[in-house]
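Read-outs: derived from the displayed coordinates by stated rules, not from any lab. Here the structure is a predicted model, which means the values were calculated and not measured. Heads up, the Cβs are rebuilt from the backbone with ideal geometry, glycines too, and the neighbour counts pull from every protein chain shown.
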C-alpha cells in the first residue's frame, strides 16, 4: 500500500483545490511534525493497514513511526480508554472511531470519563483528546453505519463537538481541536470527503465555537453544519429564484455553538431555518430554535423551523434512503414556505 | 509461578504500617457515617488491606494508579495525604478535588493517583493509556489498574487485557477478588474458576494469590512490577480476599453466606500479620502499638481539619467544566 501523504503540501500550489480528505491528512501530518506529543490510534490507522479506512491517516506511520501511530484491535472502549490515559500523562491523542455509530461502544469512556475527569478532579487533570469519526447517509450503508449522534455529545457537559464542511475548515478545526485542552468530538461527513475546495494555509486555525457566514442574505437565516452546510448552499439557487435572499451560517462548531453570530443574523432577517442531517426530535435544531426564540421573542417574523431527517433509523433501500436524507429541494421548499408565510 | 523474594524486616514493618493506616481509616469512616457526622455513600474495604499495602511498597510516586469506588485503601497506600482525603469526602474546598469528586472520584496526581471511577471495569482501558505514555516517554513508570472480581465479567476488562498484551504495555491489572460483585456471589456471575486463568486467553501471566497473605501478595506485586519495568508486558494478578462490610456500608448482608463471612472475619489478616511480626521478632508490640497510635492521631487531625474546612464557593459549580484555550 502507498505510504505517502494523500497529496502534496498546500503551500506548494496556492491555487490548487484540495479535498476535505486531503486537508485532514495534511492537518495530521503538520500537527505530528509540530508537536512530538501528538499521537494517533484507531482501527487500521497505520500504513500497513492502509492508513485508515478512507485514508485520513495515510503516511503518518511511515513518517512518524508506529509508536505514535497505532493500529488497534476493533475495541472502541480500549481505544478511547487508551486515548484518555495517554492524555492524562501529557500526550495529545487523536483517536479514530471509524464510524459514528461505533462511538456507542465507547460511550462510558467518552461520557463518564473523558467529559468529566477535569471536573471531578477539581481541575487537577484534563483530557485533551480528539475523537475523529465519520458518518453520513447516502452510501446505502443502512441503519448502523450512517447516523448523526451529535446531539448526544452536545448534551454532555465537558465535551466539545465540531463538524466542518469544507477542506479549509476541516484543516483549521482539526488543528484547533488538537490544540484544545478538552475532549473534542470531530465529525467528518463521509460524502464530503471528496468535495474539493480552497486549500488551507499551512498552520491555519479555525477557532472552536466560531461560525462562518458562508453566504450573506436578508430574508431568512439558514443555520446548519457538516455536510448539510454544503447542501444548504446548493439550495440557494432555488431560493433566489423565488425572490428570497437567504443568509447561510455554517456553525462549524456544534458545541459550544456561536450564538452571537446566529442571533445577529436572525435579528436582521427575522426568520430562522435550522438544517441538519440528524433526526429532528430532540436534536441540535431544537436547542437552536429554543435559544433563538428566547432571545428574539417578539422580533421574529415567523416561528423557527427545523429541517432534518424523519424519526426513523437510516434505511437501506435507495428510494427510502433518499427520502430520509435532507436534500437541496427540501431545504429550498422549507425556506420559501417560511418566508411566504406557509409555516 | 511466584518468585521467591526475601522480605526484609523494614519492608515487613512498612507493609504493616500501611495496613494499620488503611484499617484505621476505614474504621473512622464507618464511625463517622454511623454517628451521622458525615453523609456519604461508603464502600468499606475492611478485610482487603493487605493487597494495596503489599502492592504499593513496590511502586514509586511516579507510577500511575487507576482505582475504583472501593479504592480509598489503594489511594492511601499510594500516598494520598489523610487531610486531603478527609476534606474531599466531607465535600470541602480543601479536598483533593475541591469537594467536587467525593469518595468515588478522588484524584491526586502528585502521588500518581490519576483516576478513581464509579464505573465497573473502567480502570483497565485508561491504565493502558497511561502505560502507553510510559512506553512513549521511556520513563520506566508502570500503570496499575485495580478492580473487583465483578469487573472481570465486563467487556472493558477483555478489551483492555487484549490491547495491553498486543502492545506489551507496562501495566498491572490487579483484581481484588472479594468474592461478591455487588450482592451477587462469585460463582453465580463468573464462569472461570479463577480470574487469573482469564490471562491465558490473552497470552499474559495470570497470578492467583492469597490477597490476605502479605508475603504472597508482595511476591506477586514485585514480579508484575519487575516484568512491567523490564518492558516485558502486562500481568494479571488475582488477589483473593473478602470484604467485611458488604457492598455499600449499611446494607443488610442478607445475600451473604453467614458461615463464609464468619470464617473470613475470623481469619482477619490484620491481627494475624500483627501477631506474626511480633512472634518472628521483626517488630515489638510497643513498635506496632506506636504505629497504630500514630494512625489514630493523624486521623484525629485530618478529621478535625476536614470538618473545619469551608465548603466550595458556588462559583465552583461551573468551574472546571472546560479548560482555558491557549
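The Kirkwood hydrodynamic radius of the protein assembly as shown, based on inverse pair distances between different Cα atoms, is 26.9 Å.
Just the number, please: percent antiparallel of the DSSP beta bridges in the stretch A:16-197, rounded to the nearest 5. Spell out each step's value before the answer.
Values: 2 of 24 bridges.
For the stretch A:16-197, the DSSP antiparallel bridge percentage is about 10.
Note on residue A:245 and residue A:66: with the Förster distance fixed at 41 Å, the Cβ-Cβ geometry gives a FRET efficiency of about 0.20. Ordered from longest to shortest, the equivalent ellipsoid semi-axes for the stretch B:95-177 are 21, 18, 9 Å, each the square root of 5 times a Cα gyration tensor eigenvalue. Each peptide in B:191-202, B:245-256 receives the mean, over its residues, of other Cβ atoms within 10 Å, and ordering these scores from highest gives B:191-202, B:245-256.
Distance from the Cα centroid of the stretch A:194-259 to that of the stretch B:39-68 is 52 Å (rounded to whole angstrom). Every helix of 4 or more DSSP H residues in chain A counts as -39500 (n - 2.57), and over all residues that averages to -9000 deg cm²/dmol at 222 nm.
Please give the average number of partner chain Cβ atoms lying within 10 Å of the Cβ of each residue in B:117-125, rounded to a whole number. The partial results should precede the final answer.
Working: counts 6, 2, 5, 1, 3, 7, 2, 4, 15.
Going residue by residue through B:117-125 and averaging, the value is 5.
Remark: relative contact order (the stretch A:278-343) = 34 percent; criterion is Cα-Cα distance under 8 angstrom and separation of 6 or more residues.
The angle between the Cα long axis of helix A:76-88 and the longest principal axis of the Cα atoms of chain A comes to about 80 degrees, rounded to the nearest 10.
Against the main long axis of the alpha-carbon atoms of chain A, helix A:167-179 sits at an angle near 60°. Take each residue of peptide A:67-80, count the partner chain Cβ atoms within 10 Å of its Cβ, and average: the result is 5. Here the extension length gained between residue B:41 and residue B:319 equals 97.7 nm, from 0.36 nm per residue of separation less the Cα-Cα distance.
With an 8 Å cut-off on Cα pairs and a minimum separation of 6 or more residues, tell me the relative contact order of the stretch A:51-207 in percent. Write down the numbers at each step before the final one.
Numbers: 248 pairs, mean separation 33.5, N = 157.
Relative contact order here is 21 percent.
As a calculated quantity, the FRET efficiency between residue B:6 and residue B:30 at R0 = 30 Å, using C-beta atoms, amounts to about 0.25.
Taking every eigenvalue of the Cα gyration tensor of the stretch A:142-205, multiplying by 5 and rooting it, what semi-axes result, largest first, whole Å?
Values: eigenvalues 94, 69, 8 Å².
Working from the Cα gyration tensor, I get semi-axes of 22, 19, 6 Å.
Under the simplified labelling scheme, the residue B:60-residue B:308 pair shows an inter-label distance of 3.6 nm, with each label point 7 Å from Cα along Cα→Cβ. Evaluate E = 1/(1 + (r/R0)^6) for residue B:272 and residue B:13, where r is the Cβ-Cβ distance and R0 equals 22 Å; express this FRET efficiency to the nearest 0.05. My answer for the efficiency is 0.90.
For the stretch B:170-302, what class follows from the C-alpha gyration tensor (a ≥ b ≥ c being the square roots of its eigenvalues): rounded when a/c is under 1.5, otherwise prolate if a/b is larger than b/c, else oblate? Oblate.
Modelled spin-label separation between residue B:300 and residue A:268, with each label point placed 7 Å from Cα along the Cα-to-Cβ direction: 7.2 nm. Computed packing ranks the peptides A:221-229, B:118-126, B:317-325, A:135-143 as A:221-229, B:118-126, A:135-143, B:317-325, most packed first, by mean other Cβ atoms within 10 Å. If a/c stays under 1.5 just call it rounded; otherwise compare a/b with b/c (prolate if a/b is bigger, oblate if not). Do that for the stretch A:187-323, with a ≥ b ≥ c from the square roots of the Cα gyration tensor eigenvalues. Verdict is rounded for the stretch A:187-323.
Take each residue in A:153-164, count the other chain C-beta atoms within 10 Å of its C-beta, and the mean is 1.
Over all distinct alpha-carbon pairs, what is the Kirkwood Rh of the stretch A:83-229 in angstrom? Display every interim value, and only then the final one.
Details: mean 1/r = 0.0618 Å⁻¹.
Taking the inverse mean of 1/r over all distinct Cα pairs, the stretch A:83-229 comes out at 16.2 Å.
Start at zero, step by 20 Å, and the Cα-Cα distances of chain A spread as 32, 57, 11, 0 percent across the bins.
Based on DSSP, what percent of beta bridges with both residues in chain A are antiparallel, to the nearest 5? Kindly include the intermediate steps, with their values, before the conclusion.
On the way: 7 of 42 bridges.
Percent antiparallel among DSSP bridges in chain A is about 15.
How high is the relative contact order of chain A, given as a whole-number percent (alpha carbon pairs under 8 Å, six or more residues apart)?
Values: 781 pairs, mean separation 54.3, N = 343.
It comes to 16 percent, rounded to a whole number.
For the stretch B:9-283, the fraction of alpha-carbon pairs lying more than 28 Å apart is 31 percent, rounded to a whole number.
Rounded to the nearest 5, the antiparallel percentage of DSSP beta bridges internal to the stretch A:212-339 is 20%.
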